[in-house]
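Heads up: the structure comes next, in structure tokens.
The values are calculated or read from the model by the stated rules, or taken from the named source; none is laboratory data. It should be emphasised that the depicted structure is a prediction, and the values quoted were computed from it without experimental measurement. Positions of Cβ are backbone-derived with ideal geometry, glycine not excepted, and every protein chain shown enters the neighbour counts. Accessible surface is based on the protein model in full, side chains and every heavy atom, while ligands, DNA and RNA are left aside. Shrake-Rupley method; radii C 1.70, N 1.55, O 1.52, S 1.80 Å.
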Amino acid sequence: MAERNFINIFIGINAYRTVYRFVNLDLENLQHQLQQRLAYPYKWGKKQNDEWDAYTNFIYRFSDWNVVVEAMKATVEAYQLDKRELFNYAANRWFNFWSAMAVEQIFTEIEGVTPSINHKDRLVDFNLRGIDFDHKTSVFPSGFQQTLYYAQNHHEELLYWLYKNQSKQQREHYENRLFIMVYAEDGEHWKLKAEIDLLKQYIQKYVSTFDASKLQQLQFNGNAIVSDIIWAIK
């Protein structure tokens, strides 16, 4: 009930942009919350933009699915927005954000990984064996127009594609990044973002065998960066 009391405070704060990093998340409960989103189709309805980001910035505050649904309803009433458009937009932002927070915590709970000291630094999430990384969980991109087998054997090509085509609006940067690439044989790749236990297994395995010499060396605008892909396949 405590979270519900915050709804009226944060609804309508259009300039709210700070992405908080949380510690000691209950990953089991968070997985349960994320899985409640799976009952609804994954549709954006509209291209992500600053105006609708402002309408839905309450998603950063509420990890409970039922609470964020109440926040959606309050926002629709306050701004006279289309109910379905607001639901799709907010539900997707909420789902992606809290899955990312879970993944970040998984990394930082592993020996040899330390969280970023500056919690407002959006370019660094953690340090892995002396190397700073941002991380991003991505669904296998249909726009890459290649098979899974091809992608797994052409990491460099896929990484260049990912840097150039994903998250251009708010997270575009050419810094070190680890991609967690989710792939489901039934084609519902996005649903694997809710399988925190599964992602944890793949991440732990990657870190336990981490070898910096095997990172992909990339060049952007004359700057050298390193990157890699952690495959989470089901």
Of all accessible heavy-atom area on the chain, the percent that carbon and sulfur account for (1.4 Å)
47
Working from Cα positions, state the angle (0 to 90°, nearest 10) between the long axis of helix 83-108 and the longest principal axis of the chain.
40
Report, ordered by chain and residue number, the lysines lying within cross-link reach of LYS214, taken as a straight Cα distance under 18 Å and ignoring same-chain residues fewer than 8 apart.
LYS205
Which label belongs to the value computed from this structure, given these candidates for semi-axes √(5λ) of the Cα gyration tensor in Å: (1) 27, 21, 16; (2) 30, 19, 18; (3) 34, 22, 16?
(2)
Run the dipole for the stretch 80-234 about the Cα centre, Lys and Arg Cβ at +1, Asp and Glu Cβ at -1, nothing else charged, and hand back the magnitude in debye, nearest 20.
300
Taking the alpha-carbon distance from LYS83 and a cut-off under 26 Å, which lysines remain once sequence neighbours fewer than 8 residues away in the same chain are dropped?
LYS43, LYS46, LYS47, LYS73, LYS191, LYS193
Shape call, the stretch 160-234: gyration tensor on alpha carbons, a/c limit 1.5:
oblate
Once Lys and Arg are counted +1 and Asp and Glu -1 for all other residues with Cβ under 14 Å from that of LEU199, the total becomes +1
Can you give the relative contact order of the chain as a percent, counting alpha carbon pairs under 8 Å and 6+ residues apart?
19
Cα gyration tensor shape for the stretch 39-171, rounded if a/c is under 1.5, else prolate or oblate:
oblate
